[in-house]
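Just so it is clear, none of the values below were taken in a lab; they were calculated from the coordinates. All values reported here derive from a predicted model rather than from experimental measurement. Neighbour counts run over all protein chains shown; Cβ positions are idealised from the backbone, glycine included.
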Ligand code: CP
């Protein structure tokens with residue numbers, strides 16, 4: 001069974017093939033109206049279940065549109081509306097869904113739910129975000145970097161802020177795609193040691209630098225994310241804001257990076273908190289290309305999972 005659960009558990013050659021396929025599929029749509037089907041229809045006759053236990057704009061719409069462009073059909077399910085939220089085991093849910101649909105994409109809280117789903121499903125399962133990782137986002141981000149600046153291998157990526165689930169997938173990608181990553185943020189919000197070790201074991205240089213202006217020196221890419229993620233308690237909001245305020249991505253920080261450095265944010269953003277609007281809307285920002293590339297990258301992931 002070919003699941004897409006995380007970047008660190010997917011073969012680097014497969015990751016590369018998916019990025020390249022995504023770029024080819026994007027190019028093939030260049031002259032098509034947005035709602036038109038792709039010339040190729042590899043998902044014709046396939047049904048995909050999209051399960052959301054957390055809110056989503058990009059993941060929900062991009063998966064739905066992507067499946068339809070490739071000729072498939074989708075059903076979007078809220079975890080709360082399924083028996084999943086009312087005591088049925090994940091294993092039983094996985095076995096039942098396997099009798100109806102061809103693939104499941106799930107966004108959930110605890111990654112144990114994702115893994116249990118994958119273990120008991122007879123169909124591919126895709127990680128649409130857990131509290132711990134967000135691999136589809138980083139596939140789109142690597143694609144976006146390479147579209148603008150060429151190969152990401154050997155580049156210097158700066159993560160500024162919270163060492164959260166998106167940062168975790170960036171660290172995994174550093175190991176798999178061969179780039180260096182500097183984390184700058186408060187020690188209380190460091191990324192998990194597991195992901196730092198994974199990237200280093202794969203030969204990537206991972207630095208932790210508490211001074212954001214020192215950390216930003218010569219960066220090729222500056223990335224940040226919200227200060228309070230979906231899985232963080234709202235009661236921690238003020239404390240997190242106080243800790244993270246020095247790590248805001250603003251013009252002063254971007255000035256330390258390379259002149260042609262790009263800026264990324266997976267969105268949704270809280271403008272003027274983790275990043276200022278002049279950076280988000282400035283010439284170095286590629287945030288809406290990232291959002292668009294969710295569509296193309298995930299279409300490649302779907303095809304890889306289904307072998308079509
Ligand atoms: N970046 C991202 O996953 O966006 P959504 O939460 O809107 O899906």
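For the reader, a short list of remarks on this structure follows.
- For the range 27-115: relative contact order, % (alpha-carbon pairs under 8 angstrom, 6 or more apart): 37 percent
- Helix-only [θ]222 nm of the chain, DSSP H runs n ≥ 4, -39500 (n - 2.57) each, per residue, nearest 500: -12500 deg cm²/dmol
- Shape category assigned to the chain from the gyration tensor of Cα positions, a/c cut at 1.5: prolate
- Whether the range 60-133 is rounded, prolate or oblate, judged on the alpha carbon gyration tensor where a/c under 1.5 counts as rounded: prolate
- Two-decimal ratio, the range 144-193, of alpha-carbon radius of gyration to 2.2 N^0.38 Å: 1.16
- Spread of Cα-to-Cα distances over 10 Å intervals beginning at zero, given as percent, for the range 28-172: 10, 35, 33, 19, 3
- Degrees between helix 90-100 axis and first principal axis of the chain (Cα, 0 to 90, nearest 10): 50 degrees
- Ranked for footprinting exposure by Cβ neighbours inside 10 Å, fewest first, 224, 184 give 184, 224.
- One Cα centroid belongs to the range 117-180, the other to the range 251-286; the line between them spans 19 Å.
- Taking packing as the residue-averaged number of other Cβ atoms within 10 angstrom, the listed peptides 14-25, 32-43 run from highest to lowest as 14-25, 32-43.
- Nearest 10 degrees, 0 to 90: helix 111-120 Cα axis against the chain principal axis: 30 degrees
- Classification of the range 206-262 by its C-alpha gyration tensor yields a prolate form. The axis ratio a/c (a ≥ b ≥ c) is 1.5 or more, and a/b outweighs b/c.
- Most mobile of 297, 215, 13 in a GNM of the chain (Cα contacts under 10 Å): 13
- Angle in degrees between helix 135-149 and the longest Cα principal axis of the chain, rounded to the nearest 10: 60 degrees
- For the chain, averaging the sequence separation of C-alpha pairs within contact (under 8 Å, six or more residues apart) and dividing by the residue count gives a relative contact order of 20 percent.
- Choice from 67, 142, 96 with maximal GNM fluctuation in the chain (Cα, 10 Å cutoff): 96
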